[in-house]
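Structure first, then comments.
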Amino acid sequence: MNSRETILNLLRDGETVSGGELSRRLGLSRSAVWKAVSALRQDGYDIDAAPGRGYRLRAAPDILTEPEVRRALGPVRLIGSTIVCVDETASTNLDCKRLAARGGANGTVVIANSQTAGRGRMNRQFQSPKDKGIYMSVLLYPDLPPERLLPLTVLAGVCVCSAVERVCGTRPGLKWPNDPVLNGKKLCGILTELSMEGESGRVAYVVPGIGINVAQTPGDFSPEVAEMATSLSWELKRDISRPRLAAALIEELDRAYDALCRGDLAEYLDACRRDCVNIGKRVQLISPDGRREEADAVGLDEAFGLTVRDASGAERVIRAGEVSVRGLYGYIE
Ligand code: BTN
């Protein structure tokens, strides 16, 4: 731990700690303590200095640094044991894949404050403006066959809903198969990338990547996505703490991945059935070649597939990736 982190830990409980006490505890001169406090202030920490009494932390900034995320993080089994926070990167998914090539630790979480080449599904870009979102990927080496990993992206969607509910008090819905939505608009994108060994077919690693829109205003989205995208603070009309939300998400992912490895997903299937905003509605199924078909979404099967009833009354199950699901008039409705 460096001197800034030690000072922060000592000031965390709202205590006033004298400069002399800080320099004793850190084994540093008073002027080195003063410099460290100034550096913390530059990072946005609101630190009071009462003459003759000492320093007091009045407020911590909304920044995605390891100390801020860790401060909000409870105990975890695997995911989050290592956390790497960067201010800017091309893509946190790419960072995890590079880490995997160097034998990075299982469960490493990479979080960025902005991405210059955020990757979305189907080779699309994921807009990742600075200070507005949480852009997070996890490096995992599962000891599972590829088919057992298929629910991972859906689980990540449920984890986002649970983390948002814990931190914001409102639970988003899930547009099938895995898009968290609030008031009919998309809050978050998830892209899971996987590497397999060619000969054995064994999974080398898997990287779920999650981008949550936290503080964007409509003007932050490009015209193509503005119609269907939104952010938490825009919908809830208040500021949301990104480090707290990132920590809650890490805890939820840690629990969900443990359940996936144990093969015990009943709780997540129940949550998905409750959260899915399409069930009971008429939807459009859009095939990769652009063909559109109307059907009624009636439920989820045991493997998170969407059961739909077509115009003839016949029921079938569609799997994630086969078709896109939209509402009759827009993204959901
Ligand atoms: C989508 O909706 O198309 C999926 C978007 C996934 C975006 C996240 S942000 C963190 C991680 N890093 C990336 O480059 N992509 C994912």
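Just so it is clear, none of the values below were taken in a lab; they were calculated from the coordinates. This structure is a prediction, so every number in the text was calculated from the model and none was measured. Every residue, glycine as well, gets a Cβ built from its backbone with ideal geometry; the counts of neighbours run over all protein chains shown.
With N set to the residue count of segment 3-59, report its C-alpha Rg divided by 2.2 N^0.38 Å to two decimal places. Intermediate results must be reported in sequence, preceding the final value.
Values: Rg = 9.8 Å, N = 57, 2.2 N^0.38 = 10.2 Å.
Dividing the Cα Rg of segment 3-59 by 2.2 N^0.38 Å gives 0.96.
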Surrounding charge for residue 314, neighbours by C-beta under 14 angstrom, Lys/Arg +1, Asp/Glu -1, total -3
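Is segment 146-222 rounded, prolate or oblate when judged by the Cα gyration tensor, a ≥ b ≥ c being the square roots of its eigenvalues, rounded requiring a/c under 1.5 and prolate requiring a/b larger than b/c? Kindly include the intermediate steps, with their values, before the conclusion.
On the way: a/c = 2.94, a/b = 2.07, b/c = 1.42.
It is prolate, given that a/c is not under 1.5 and a/b is the larger ratio.
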Please list, in chain and number order, the residues 5+ apart from residue 298 or on another chain whose amide H is under 5 Å from its amide H, with Hs placed from the backbone.
-> 280, 307, 308, 309
For residue 175, list the lysines whose Cα falls under 27 Å from its own Cα; do not include residues on the same chain fewer than 8 positions away.
-> 130, 132, 185, 186, 237, 281
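Less than 10 Å Cβ to Cβ from residue 49, Lys/Arg counted +1 and Asp/Glu -1: what total charge do the surrounding residues give?
It works out to a net charge of +2.
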Packing-based ranking, highest mean first, of 148-156, 190-198, 86-94 given that Cβ atoms within 10 Å are counted = 148-156, 86-94, 190-198
Here, residue 39 and residue 307, labelled 7 Å along Cα→Cβ, have an inter-label distance in nm of 6.0 nm
Would you mind checking the tilt of helix 92-101 against the longest principal axis of the Cα atoms of the chain, expressed as 0 to 90 degrees and rounded to 10?
-> 80 degrees
Short version: ³J(HN,Hα) in whole Hz for each residue of segment 316-327, in order, from phi by Karplus 6.51 cos²θ - 1.76 cosθ + 1.60 (θ = phi - 60°), x for Gly and Pro, what are they?
-> 8, 10, 10, 9, 3, x, 6, 9, 9, 10, 10, x
The ³J(HN,Hα) series, computed from each phi in segment 285-300 with the Karplus coefficients 6.51, -1.76 and 1.60 at θ = phi - 60°, rounded to the nearest Hz and given as x for glycine or proline, is 9, 10, 6, x, 8, x, 5, 10, 9, 8, 7, 9, 7, 10, x, 10
Residue-wise HN-Hα coupling along segment 189-202, computed from phi with Karplus coefficients 6.51, -1.76, 1.60 (Hz; x: Gly, Pro) = x, 10, 10, 9, 10, 9, 10, 10, 6, x, 6, 8, x, 6
Round to a whole angstrom and tell me the spacing of the C-alpha centers of segment 192-253 and segment 289-333.
-> 24 Å
Relative contact order, percent, of the chain when contacts are C-alpha pairs under 8 Å separated by at least 6 residues?
-> 14 percent
Protection proxy ranking of 292-301, 158-167 - average other beta-carbon atoms within 10 Å, highest first = 158-167, 292-301
Over all directions, the chain yields a Cα convex hull whose mean projected area in nm² is 19.3 nm²
Using unit Cβ charges (K, R positive; D, E negative) and no other charged atoms, how large, in debye to the nearest 20, is the dipole of the chain about its Cα centre?
-> 920 debye
Which FRET efficiency, nearest 0.05, do residue 10 and residue 101 yield, Cβ-Cβ r, R0 51 Å?
-> 0.85
